[in-house]
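Written below as structure tokens is the structure these notes are about.
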Amino acid sequence: MAFHHRPDAPELPDFSMLKRLARDQLIYLLEQLPGKKDLFIEADLMSPLDRIASVSILKQHEVDKLYKVENKPVLSSSEQLCFLVRPRIKNMRYIANLVNADKLAGRTRKYKVIFSPQKFYACEMVLEEEGIYGGERRRGCEL
């Protein structure tokens, strides 16, 4: 059944401004790690990310490689890793395991975690318990 345009119907909202704001915020967060970086994205966020920022935009802001967050060993050789994840305990454990494996191997990298839609205190606590964020034990993991 086709819908006909009604003259009294309100116009659809223009979401281009929201898209631009989301893209600008992502770019701002990526630029907090200057230089080449690898971006790890949770699978659920890949489609929304694609709607606001193309791979070419990510490349313009020095994202070298894209990885999916999954329970597999990380093969990144980058000195900077950025994670775009939902605020879930399993994601914090994944990141903590990666950072701690780097520490055991004597590898020093910079890490940045970007939460979508927001950061939760419980996530900070998991990272702090693992010794990679907060307090005196802070080890280069930035939220």
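The values are calculated or read from the model by the stated rules, or taken from the named source; none is laboratory data. In this text the structure is predicted, and so the values were computed from the model without any measurement. As a convention, Cβ positions derive from the backbone with ideal geometry for all residues, glycine included, and neighbour counts pool all protein chains shown. Ligands, DNA and RNA are stripped out before the accessible areas are found, and what is left, the full protein with its side chains, is counted by its heavy atoms. Shrake-Rupley method; radii C 1.70, N 1.55, O 1.52, S 1.80 Å.
A count restricted to region 32-45 and to residues that are open to solvent by 50 Å² or more (accessible area, probe 1.4 Å) and closer than 16 Å to residue 78 by Cβ stands at 3. In the condition set (1) within 21 Å of residue 134 (Cα to Cα); (2) in contact (Cβ under 8 Å) with a residue 12 or more places away in the chain; (3) open to solvent by less than 90 Å² (accessible area, probe 1.4 Å), residue 118 is compliant with all but (3). Return the pairs, sorted by first residue and then second, in which the second residue is surrounded by 13 or more Cβ atoms within 10 Å (Cβ to Cβ), the first residue lies in region 13-29 and is of a type in the set (Gly, Ala, Ser), the beta carbons are less than 9 Å apart, and the residues are 6+ apart or on different chains. Close Cβ pairs (under 9 Å, with a partner that is surrounded by 13 or more Cβ atoms within 10 Å (Cβ to Cβ)) amount to 22/48; 22/52; 22/53. Only residues that are modelled with pLDDT of 90 or more, open to solvent by less than 40 Å² (accessible area, probe 1.4 Å) and farther than 25 Å from residue 122 by Cβ were counted across region 62-98, and they come to 3.
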